[in-house]
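What follows is a set of notes on a single structure, which appears directly below.
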There are 2 protein chains.
Amino acid sequence: MSITKDEVPSVTLQCGDCTIRHRAVCARCTPDEVSDLEKIKFYRTYEAGQTIVWAGDDMEFVASVVTGIATITQAMEDGRTQMVGLLLPSDFVGRPGRTTAAYNVTATTDVLMCCFRRKPFEAMIERTPHLAQRLLQMTLDELDAAREWMLLLGRKTAREKIASLLSIIARRNASLQMKNPSESMTFDLPLTREAMADYLGLTLETVSRQISALKRDGVIILDGKRHVTVPDMEALLLEAGDDADGGLFN
Amino acid sequence: MSITKDEVPSVTLQCGDCTIRHRAVCARCTPDEVSDLEKIKFYRTYEAGQTIVWAGDDMEFVASVVTGIATITQAMEDGRTQMVGLLLPSDFVGRPGRTTAAYNVTATTDVLMCCFRRKPFEAMIERTPHLAQRLLQMTLDELDAAREWMLLLGRKTAREKIASLLSIIARRNASLQMKNPSESMTFDLPLTREAMADYLGLTLETVSRQISALKRDGVIILDGKRHVTVPDMEALLLEAGDDADGGLFN
DNA sequence: CGAATCGTTGAGGTATATCAAATTTCGTGG
DNA sequence: CCACGAAATTTGATATACCTCAACGATTCG
């Protein structure tokens, strides 16, 4: 996990064939607006483990995750850490109107970010309703996700927390692969046990134990430490303690 | 706590001298835009204890809290409940673009709401950048608050949770009364022990015990069950486990 | 005055944290 | 390719913070 100098991808990407074009903050923008955005954008890459933003630092840019996974975390002085967001491709990083970062953002896999210089981006929000509208929509979605997580953190048992996390990851993969979510599903965990613990408000030992328990009970099948098969999504959803249907939208 | 028919206030309020005009969703609107809003607005009152919105119901309106306090809660099938938001004057209720309410909203005191019919309001957002921009700002603030709460729910001890809640309420009162927050402060708890428990992810017994403990330790002074004096805000902040300064913005 | 609501306090149980050690995985260099 | 060390993970033993169940006190309201 060595830290090397950021490197601009050898081929500069064009917004026209960007993989997140239809989901990112620019989703509603007209071609004209996109070409305005293109003038203030630049790419950055981060290696797995690298910090993208330090809480308290000046924010020179806001950005969209193009590929890879990053985490948003908040820490107390004594080291207790809570993940407060998981950033997937198309997710937005940074808050227009704020000069100082409030959270740590860390790459958990190699990450490619599409960055916009903050000042020009803020100016553009003021004059581009499509941008503000899309950002509002995305922020409302994030708020919903945060609230769902508050229920998990405040009221769910350790087993339910693990099952919830697994089903969220599974659901995500399902939506990518366009599979019927009731079938059996297979995916890789993008997080270490410690990162899962920070997400779920548990210790890594408890995470490990509960994963072992779910495995023992046949709810999941493990191949190695990270490769998970869920033979019966219904059963997993049941363990998560959510409403039977689990997540209608998204 | 009887439930009576909603009643429009005897005097219909005018946006011009509305107490939340400068903080609510309409804060950035021009006089013209406000008068457009005025055409689709109506007032509703709710008594303490009354439900304002049921999760799953159709949302006919979105609204601003004008006076009083309401809570946003989420419940699991077995009854476990988590508060995911606290609504104070000027806060916004409802999500444009969504037809069905995702959460329960309940009045904890008598509440006056300034409501907008949802459809026309959504249309107005599309054509009124000032409205979308302000709503974005407010939503970003809520997201920050939700994330701060995630840290509390996931990583703080019961005592820290109580101290955090008290300091948030105290800070709020300070900002209303324009007092120096380092002085001693007095305020009333707007929540029952049970509501506090639902907010903090605790049982009401634990809330009661921790409040007693803070009282025993001289961190707070109780007069009755709800009237609280904090002789030394610094000490309370310390108990909350936050950074020394505690809350720069807002 | 009695019932209902709200809050406090106590005793004991349990889920999860903490501390500790063994085991597996994985990257690196010989 | 293999050996080594570091990191990640699992598992065990024990501690403890918080929950659960229960009883009781205070306040309000009809």
Counting only protein heavy atoms with a 1.4 Å probe and every protein chain in place, the carbon and sulfur fraction of the accessible surface of the protein assembly as shown in whole percent equals 52
With one decimal in nm and the nearest listed first, the spacings from A:Thr67 to its own position in the other copies, using label points 7 Å along Cα-to-Cβ, are 5.9
Correct response: the longest run of chain B lacking exposed chymotrypsin sites (Phe, Trp or Tyr not before Pro), defined by DSSP loop and at most 14 other Cβ within 10 Å, is B:55-248
Ordered by number, the residues of region B:154-182 with at least 30 Å² less accessible area in the assembly than alone (1.4 Å probe) are B:Gly154, B:Arg155
Expressed per residue, the solvent accessible area of the protein assembly as shown in Å² (1.4 Å probe) is about 47
Semi-axes (Å, rounded, descending) of the ellipsoid equivalent to region B:157-240 per its C-alpha gyration tensor are 19, 13, 12
The orientation-averaged projected area of the Cα convex hull of the protein assembly as shown, in nm², is 25.0
So, in nm and shortest first, the distances from B:Lys215 to its counterparts in the other copies, with label points 7 Å along Cα→Cβ, work out as 5.0
Copies of A:Asp110 compared via label points 7 Å along Cα→Cβ give distances in nm, shortest first, of 6.5
The set of residues whose placed amide H lies less than 5 Å from the amide H of A:Tyr43, leaving out same-chain residues fewer than 5 positions away, is A:Cys115
Which residues qualify? For A:Gly85, with a placed amide H closer than 5 Å and at least 5 residues away or on another chain, they are A:Ile72
Output row A,B: buried area (accessible, probe 1.4 Å, summed both chains) in Å², nearest hundred, equals 4300
Test assert for region A:111-140: residues whose accessible surface shrinks by at least 50 Å² between chain alone and all chains, 1.4 Å probe, equal A:Glu126, A:Gln133, A:Leu136, A:Thr139, A:Leu140
Sorted by accessible surface (1.4 Å probe, heavy atoms of the protein chains only), largest first, A:Lys225, A:Lys156 come out as A:Lys225, A:Lys156
Taking the chain alone as reference and the full protein assembly as comparison, with a 1.4 Å probe on protein heavy atoms only, the residues of region B:53-81 that lose at least 30 Å² of accessible area are B:Gln74, B:Met76, B:Glu77, B:Arg80
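The values are calculated or read from the model by the stated rules, or taken from the named source; none is laboratory data. As the structure is a prediction and not an experimental result, all values here were calculated from the model. Ideal geometry is used to build each Cβ from the backbone, glycine not excepted, and the neighbour counts take in all protein chains shown. Please note that ligands, DNA and RNA were not included when accessible areas were found on the heavy atoms of the full protein model with its side chains. Shrake-Rupley method; radii C 1.70, N 1.55, O 1.52, S 1.80 Å.
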